[in-house]
Each structure stands twice: as structure tokens, then as C-alpha cells.
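Heads up, the thing below is written out as C-alpha cells.
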Amino acid sequence: MTRARALKQAIRDRAARTGERYTTARRHVLSAAAPRPAPAPPSRPVPPAPARGTVSDAKSVEKTGYGLDHWFAVLDRFGGVEKGHTAAARHLFADHHVPGWYAQGITVAYERARGVRVLNQRGDGQYEVSVSKVMTANTAKVIKAFADPRVRRQWIGGVDRGLAGALTSALTGAASKGFVVRPDGLARFRYKWDGTTVQFYLEPKPGGKTSLVVQHTKLQGPSAVEERRGQWKTAFKAVAALLSE
């Protein structure tokens, strides 16, 4: 049997087994047969997806052939609430061939729908917030706006005093390693603030711009999420205004 005939037979077998249309079954069979991309090196500072992120019903249909109600029913039969986020997402990915990112997003949407996760809450129960802004400056200039005391003083006076104090201490403390910068311009900076964790990610963009993202984790609850979101937006707005002068 030629490869083409074998592929068609596999598609027909799946369509007969699942009740899917031929085109839908074909997409899943081809996806399962395609080689999995190698994982990105762990040292690459790629920002995690914001806690607000999830998959809409329309996007679920577009990317998987089924809406959220279908996948919620699949996860209910699997026991997704009891088995937890990791097992549920793996079930969608490994057993139903849902692409990895969408398996995660659908699982988050499922957990919210079943009341085991609220907005900005991680699978482990902790709360986090992510704020981002594109700056009109290269990575080196954005870092200088934070790390150079003279430049930092030009924008930090108008932000929350607690945020300003924790950031300044993290940048100037004896144990501070400052921003870690890669040759390709990607950079990161991580520090602790009153039992929470703050991590910056910088990524160069076309036109000499830089994407700046802060991920603030281990927050106490929804009220802390909104408080920190507002504080970081104010700080990023101040930095952006200075860099655009």
C-alpha cells in the first residue's frame, strides 16, 4: 500500500470512529503524523501567556473543529476537575490531538466554567497579573530607563511608592544581578517584592522598538491583581513618555 493510500485509509478509519467529517479527520491525522517541534531552550526569556488569556468558542472551532461545549464534555468525561489542569490539558493534546497552546487555553476556559479557577488565577490557585507595553526605544535604552539612577528619577516619582521602592532596591541592592541580556537583544530581570515575584521580559521589535512585559505572580487575590495592574500601567506609561521625548 502506498503512503497516500495508507493516509487516506487512516483518515477514513478516524472519520468512521469519531463521526467527524473527512476534512476534519484529515486535519487531525496529519497533525498527529507531523513531527513535534523541538522545545525552545529553557534559557530563552519568552513571556508566559497572560492569566487573562483563554480560547474563545469561535477560535476553538477554527483551530480544532469543535466548540468549547464539545471539549467541556470531553473533559467532564475524563474527570478534568478532579484530575487537575496538567492531566486535563495533556488529555486534550495527547488523546484528542488538540494543538498544545489551544489544549492549555481550552482547559483554562473549562476550569473557569466549572468554577475551579477565576480570572487571573493560575492552576495552582495563585493569582498573577501581566502588563505589557511597546516602547519607542531599543532594549539598551529601555534597560537604562530602569537601571540608570539619573534616568530612573525622571519618571519614577509619579508611580506608586511601594512599587518604586521595591524596584529601586532590587536594582541597586548588593545581591542584584540587574538585567540579563542576550546577544539577540532579549532580556529579563527578576526580583522579590513582599512575598511576590516580579519578572520583566524585553523583546526587540521592528523599527527600533521594544516590547516590555512584567509578570507579577504570587498575589493574594483579585483585589491585589487589579491594584498591581494599575500600578504597573502607570509606571510603564511614565517610562514610555520619557523614552518618546
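The values are calculated or read from the model by the stated rules, or taken from the named source; none is laboratory data. Every value quoted in this text rests on a predicted model; they were computed, and no experiment measured them. All Cβ positions, even for glycine, are placed from backbone atoms using ideal geometry, and neighbour counts span all protein chains on display.
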Task: Some residue of the range 191-198 being among the basic types (Lys, Arg), surrounded by 13 or more Cβ atoms within 10 Å (Cβ to Cβ), modelled with pLDDT of 90 or more and under 18 Å from Gln215 (Cβ atoms) - done: no
Open item on the list: Is it the case, given these coordinates, that Val142 is modelled with pLDDT under 95, buried (at least 16 other Cβ atoms within 10 Å of the Cβ) and assigned by TED's automatic domain parsing to the domain that holds Trp232?
Closed with: no
Open item on the list: Just to verify a result, which residue in the range 127-155, among those that are of a type in the set (S, T, N, Q) and part of a strand (DSSP E or B), is farthest from Glu245 (Cα to Cα)?
Closed with: Ser130
Open item on the list: With the structure loaded, tell me whether Val225 is touching a residue at least 60 places away in the same chain (Cβ under 8 Å), in contact with a Leu (Cβ under 6 Å, 6 or more places away or on another chain) and buried (at least 16 other Cβ atoms within 10 Å of the Cβ) or whether it fails that test.
Closed with: yes
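Quick one: is Gly158 in a loop (DSSP other than H, G, I, E, B), surrounded by 13 or more Cβ atoms within 10 Å (Cβ to Cβ) and in contact (Cβ under 8 Å) with a residue 24 or more places away in the chain?
Values: in a loop (DSSP other than H, G, I, E, B): yes; surrounded by 13 or more Cβ atoms within 10 Å (Cβ to Cβ): no; in contact (Cβ under 8 Å) with a residue 24 or more places away in the chain: yes.
When the stated conditions are applied, Gly158 does not pass them.
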Open item on the list: Show me the helices (runs of 4 or more DSSP H) found entirely inside the range 1-105 where at least 2 residues are modelled with pLDDT under 85.
Closed with: 3-18, 22-33, 80-83, 85-90
Open item on the list: Six or more apart or on different chains, Cβ atoms under 6 Å: show the pairs whose first residue is in the range 78-98 and assigned by TED's automatic domain parsing to the domain that holds Gly67 and within 20 Å of Tyr66 (Cβ to Cβ) and whose second is buried (at least 16 other Cβ atoms within 10 Å of the Cβ) and basic (Lys, Arg).
Closed with: none
Open item on the list: Of all residues being touching a residue at least 12 places away in the same chain (Cβ under 8 Å) and aliphatic (A, V, I, L, M) in the range 165-190, which is surrounded by the fewest Cβ atoms within 10 Å (Cβ to Cβ)? Just the residue, please.
Closed with: Val180
Open item on the list: Restricting to the range 161-184, name every residue that is among the β-branched types (Val, Ile, Thr) and either more than 14 Å from Pro149 (Cα to Cα) or outside any helix (DSSP H, G or I) (or both).
Closed with: Val180, Val181
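Sort through Val225, Val198, Val214 and tell me the only one that's in contact with a helix residue (DSSP H, G or I) (Cβ under 7 Å, 6 or more places away or on another chain) and either assigned to a strand (DSSP E or B) or of a type in the set (A, V, I, L, M) (or both).
Numbers: Val225 fails: in contact with a helix residue (DSSP H, G or I) (Cβ under 7 Å, 6 or more places away or on another chain); Val198 fails: in contact with a helix residue (DSSP H, G or I) (Cβ under 7 Å, 6 or more places away or on another chain).
On inspection, the qualifying residue turns out to be Val214.
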